[in-house]
Amino acid sequence: MVALEASVSPYDRQTYPRAALAAFIASDHPELTASLMAHIPRGVGIVFKLSRHADLAAVESRFAVERRTAFESFTSTVAFERDADVRITTEPGDATLELFEAQGHDRSWLEFLLRSGKAFACVLERGGDVLSACAAFENYGAVWEVGGVVTAPSHRRRGLGTRVVRTALAELSERALIPRYQVEAHNEASIGLARSVGLTPFLRIVHYEHEC
């Protein structure tokens with residue numbers, strides 16, 4: 001179990017404004033999960049993030065919770081080919097950064113990662129207009145997240161998002177990094193994109209919120 005201040009994560013801060021803690025639990029047995037509950041403080045808002053449904057009963061034995069959402073994580077070990085028309089850059093420009101920010105990626109946070117070499121963007125442009133883009137950034141060690149996939153409304157349903165994601169995956173493969181593509185479970189379009197490029201699901205995290 002790892003318990004962090006919810007304010008550390010921009011997503012948790014926005015989605016769970018009443019939560020003081022985010023508790024990540026990955027347990028081998030429900031009894032072990034039950035023993036961990038004694039170490040979680042009472043009287044504060046908590047969002048529990050569970051990777052096994054079997055752990056829910058242990059959480060509910062001490063906390064009243066409601067299911068909020070779930071995230072699917074994908075990865076791959078195969079090599080990908082980059083798209084020659086997709087630009088890989090650490091200086092994506094204001095238009096692209098604004099699109100990423102609209103997707104929930106804080107601009108100042110992403111710019112810091114880009115400057116420090118811990119992120120890059122894949123951008124597909126035409127005539128100075130950004131058609132589609134995605135970002136890849138360090139998650140933990142050799143694991144890098146591919147996210148912020150966005151396509152201009154007038155250019156959607158043309159496979160452009162697939163092209164920028166494939167290029168990001170190719171770049172990560174060349175760097176011997178492990179890709180992680182995380183998507184909210186209700187986002188069928190993004191899940192379809194992950195499957196269409198050949199990514200494989202490996203983890204499902206379900207969020208349950210305890211409010212005080």
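The values are calculated or read from the model by the stated rules, or taken from the named source; none is laboratory data. All figures in this text were calculated on a predicted structure; none of them were measured in a lab. In this analysis, Cβ positions are derived from the backbone assuming ideal geometry, glycine residues included, and neighbour counts consider all displayed protein chains.
What strands (runs of 3 or more DSSP E) lie completely within the stretch 119-212 and have 3 or more residues being under 21 Å from residue 81 (Cβ atoms)? Spell out how you get there, then give the answer.
Working: elements: 119-126, 129-140, 143-151, 178-184, 200-210.
Passing ranges, in order: 119-126, 129-140, 143-151, 178-184.
Any residue in the stretch 1-20 that is in the same structural domain as residue 65 (by TED's automatic domain parsing) sitting within a Cβ distance under 6 Å of a residue that is surrounded by fewer than 16 Cβ atoms within 10 Å (Cβ to Cβ) and among the basic types (Lys, Arg)? List the pairs, counting only those 6 or more apart or interchain.
Note: pairs meeting the criteria are 7/13.
Name the residues in the stretch 105-118 that are surrounded by fewer than 14 Cβ atoms within 10 Å (Cβ to Cβ), at pLDDT 90 or above and assigned to a loop (DSSP other than H, G, I, E, B), would you?
Correct list: 116, 117.
Checking residue 72 against (1) in a loop (DSSP other than H, G, I, E, B); (2) within 14 Å of the chain's Cα centre (by Cα), which single condition isn't satisfied?
Of the numbered conditions (1) in a loop (DSSP other than H, G, I, E, B); (2) within 14 Å of the chain's Cα centre (by Cα), the odd one out for residue 72 is (1).
Pick from the stretch 21-61 the residues that are in contact (Cβ under 8 Å) with a residue 60 or more places away in the chain and outside any strand (DSSP E or B): which of them is nearest to residue 205 (Cα to Cα)?
Here the answer is 51.
If I filter the stretch 169-194 down to residues being under 14 Å from residue 78 (Cα atoms) and in contact (Cβ under 8 Å) with a residue 60 or more places away in the chain, which single residue comes out as surrounded by the most Cβ atoms within 10 Å (Cβ to Cβ)?
Checked the stretch 169-194; the qualifying residue surrounded by the most Cβ atoms within 10 Å (Cβ to Cβ) is 169.
Looking only at the stretch 64-77, how many residues end up being farther than 30 Å from residue 172 by Cβ and either of a type in the set (Ser, Thr, Tyr) or crowded, with 18+ Cβ neighbours inside 10 Å (or both)?
1
Name the residues in the stretch 75-104 that are assigned to a loop (DSSP other than H, G, I, E, B) and of a type outside the set (Asp, Glu), would you?
Filtering the stretch 75-104 for residues assigned to a loop (DSSP other than H, G, I, E, B) gives 76-85, 90-93, 103-104.
Matches in the stretch 75-104: 76, 77, 78, 79, 80, 82, 84, 90, 92, 93, 103, 104.
Could you list all residues from the stretch 122-159 that are charged (D, E, K, R) and surrounded by 14 or more Cβ atoms within 10 Å (Cβ to Cβ)?
Across the stretch 122-159, the qualifying residues are 125, 138, 145, 156.
For the stretch 22-56, which positions are within 21 Å of residue 185 (Cβ to Cβ), surrounded by fewer than 18 Cβ atoms within 10 Å (Cβ to Cβ) and small (Gly, Ala, Ser)?
Across the stretch 22-56, the qualifying residues are 26, 51, 54.
Being among the hydrophobic types (A, V, I, L, M, F, W, C), out of contact with any Phe, Trp or Tyr (no Cβ under 8 Å at 6 or more places or on another chain) and at pLDDT 90 or above is the filter here, so list the residues in the stretch 39-79 that pass it. Full working, then the answer.
Step one: filter the stretch 39-79 for residues among the hydrophobic types (A, V, I, L, M, F, W, C), giving 40, 44, 46-48, 50, 54, 56-59, 63-65, 70-71, 74, 78-79.
This time we only want the ones that are out of contact with any Phe, Trp or Tyr (no Cβ under 8 Å at 6 or more places or on another chain), so: 44, 54, 57-58, 64, 70-71, 78-79.
Listed by number, the residues that qualify are 44, 54, 57, 58, 64, 70, 71.
Inspect all residues belonging to the stretch 74-89 and state whether any of them is small (Gly, Ala, Ser) and in contact (Cβ under 8 Å) with a residue 60 or more places away in the chain.
Of the stretch 74-89, the ones small (Gly, Ala, Ser) are 76, 79, 84.
Within this subset, residues satisfying the condition of being in contact (Cβ under 8 Å) with a residue 60 or more places away in the chain are 76, 79.
Yes, the stretch 74-89 has at least one match.
Whether any residue in the stretch 159-171 is acidic (Asp, Glu) and at pLDDT 95 or above is what I want to check.
Within the stretch 159-171, the first condition is being acidic (Asp, Glu), and the residues that meet it are 171.
Still in the list and also at pLDDT 95 or above: 171.
Yes, some residue in the stretch 159-171 is acidic (Asp, Glu) and at pLDDT 95 or above.
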